[in-house]
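Read the structure below first, then the notes.
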Amino acid sequence: MRNPSPPKNARLWGTAALAALLTAGLSGCSTDVSTGFLPSDAGVTNKTGELIAFWNGSWIAALAVGVLVWGLMIWALIVYRKRKDDNELPVQLQYHVPLELMYTVIPIVMVGVLFVFSQRTIESVQAVEEEPDLTVEVYGKQWSWDFNYLDYDVHYSGERVQLTGEEGVADELPTLYLPVDQNVQFEIKSRDVQHSFWIPAFLYKTDMIPGRTNSFQVVPTKEGVYMGKCAEMCGEFHSEMLFRVAVVPLEEFEAEMEALRQAGNVGRLGDELNRYDTEGANS
Ligand SMILES: [Cu+2]
């Protein structure tokens, strides 16, 4: 007995549903295609452009390889499928050296290409060779942040904000002020356990490790308020270890520094506030 083929209507509905889904998906995100759906655009910092280019290049290359492999698989499935009255095994290939060499060499070349581009981007993004315009020291602590604006000899000590869902609570989050178009050097540290300093819009995060200082430089090039968060599970209130980043004109930045001074936040909150003695572990 023959299996009945699916009714034509069902197939039509399936195609229509798929088309609708694709249209909805693509139209919803169409503005983000150029950034590979990353939460940023090329103008946010001096480094987001090359990070987006690297990301887009990587997934386009991966997709090209994927399409080639899927295409070959589907082609083999269809062309070499078992047909009626065909009971003979196809030719069996074993120990075919050229073929096995190809299987080995092509993936090595692909990994090599990815490695070279990754290495170049990492080196460029993590370079700290230029003279910074200002240096900000950031301490992660359970479950907030301390910012030391070293050039201005002022600090801000953050406190955890409980996100109750009420309006306005987010405005109380600690705010890291940065002047636009200035080269900022970050010195990233921890007072207790491992945290991770992450500003998604900057497309960069760095681990905060007790006893260690991680440095990086960035020039924020677009004014605005961005979200920052801890990206390393660090205990009970990890999810509320949040901050905001306000990229403002230099005059406004200096006014904020003056406000901190007026509020008595003078000096640097250094290692003496660490929960553990991490002295000498690393400079
Ligand atoms: Cu944390």
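The values are calculated or read from the model by the stated rules, or taken from the named source; none is laboratory data. Nothing here was measured: the structure is a model prediction, and the numbers come from that model. We place every Cβ from the backbone using ideal geometry, glycine too, and count neighbours over all the protein chains shown. Ligands, DNA and RNA are stripped out before the accessible areas are found, and what is left, the full protein with its side chains, is counted by its heavy atoms. Shrake-Rupley method; radii C 1.70, N 1.55, O 1.52, S 1.80 Å.
May I ask you to list pairs of residues, at least six apart or on different chains, whose Cβ atoms are under 9 Å apart, with the first in the stretch 60-87 being assigned to a helix (DSSP H, G or I) and the second being open to solvent by less than 70 Å² (accessible area, probe 1.4 Å)?
Here the result reads Ile60/Gly36, each pair linking the stretch 60-87 to a residue that is open to solvent by less than 70 Å² (accessible area, probe 1.4 Å).
Just to be sure I understand, how many residues within the stretch 205-226 are in contact (Cβ under 8 Å) with a residue 40 or more places away in the chain, β-branched (Val, Ile, Thr) and within 16 Å of the ligand (Cβ to nearest atom)?
Looking only at that region, the number is 0.
With the requirement that a residue be surrounded by 19 or more Cβ atoms within 10 Å (Cβ to Cβ), away from the ligand (no atom under 14 Å from the Cβ) and β-branched (Val, Ile, Thr), what does the stretch 176-198 give you?
Val184
The rows are residues; the columns are (1) more than 16 Å from the ligand (Cβ to nearest atom); (2) part of a loop (DSSP other than H, G, I, E, B).
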site: Leu89; (1), (2): yes, yes
site: Tyr95; (1), (2): yes, yes
site: Leu101; (1), (2): yes, no
site: Arg120; (1), (2): yes, no
site: Tyr156; (1), (2): yes, no
site: Arg160; (1), (2): no, yes
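Give just the number: which of (1) within 16 Å of the ligand (Cβ to nearest atom); (2) among the β-branched types (Val, Ile, Thr); (3) over 30 Å from Ser124 (Cα atoms) does Val169 not satisfy?
Tallying (1) within 16 Å of the ligand (Cβ to nearest atom); (2) among the β-branched types (Val, Ile, Thr); (3) over 30 Å from Ser124 (Cα atoms), Val169 fails exactly one: (1).
Yes/no matrix, rows are residues, columns are (1) surrounded by 14 or more Cβ atoms within 10 Å (Cβ to Cβ); (2) in contact (Cβ under 8 Å) with a residue 40 or more places away in the chain; (3) over 27 Å from the mean Cα position of the chain (by Cα):
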{"position": "Gly228", "(1), (2), (3)": "yes, yes, no"}
{"position": "Gln262", "(1), (2), (3)": "no, no, yes"}
{"position": "Leu269", "(1), (2), (3)": "yes, yes, yes"}
{"position": "Tyr276", "(1), (2), (3)": "no, yes, yes"}
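Assuming Gly168 fulfils every condition listed in (1) at positive phi; (2) without any contact (Cβ under 8 Å) to a residue 40 or more places away in the chain; (3) open to solvent by 40 Å² or more (accessible area, probe 1.4 Å) apart from one, which condition is it?
(3)
Evaluate the stretch 237-246: report whether one residue or more is more than 10 Å from the ligand (Cβ to nearest atom) and outside any strand (DSSP E or B).
no
Among the candidates Val105, Val125, Val113, Val138, single out the residue that is part of a helix (DSSP H, G or I), surrounded by 10 or more Cβ atoms within 10 Å (Cβ to Cβ) and touching an Asp or Glu at 6+ places or on another chain (Cβ under 9 Å).
Going through Val105, Val125, Val113, Val138 in turn, just one is part of a helix (DSSP H, G or I), surrounded by 10 or more Cβ atoms within 10 Å (Cβ to Cβ) and touching an Asp or Glu at 6+ places or on another chain (Cβ under 9 Å): Val125.
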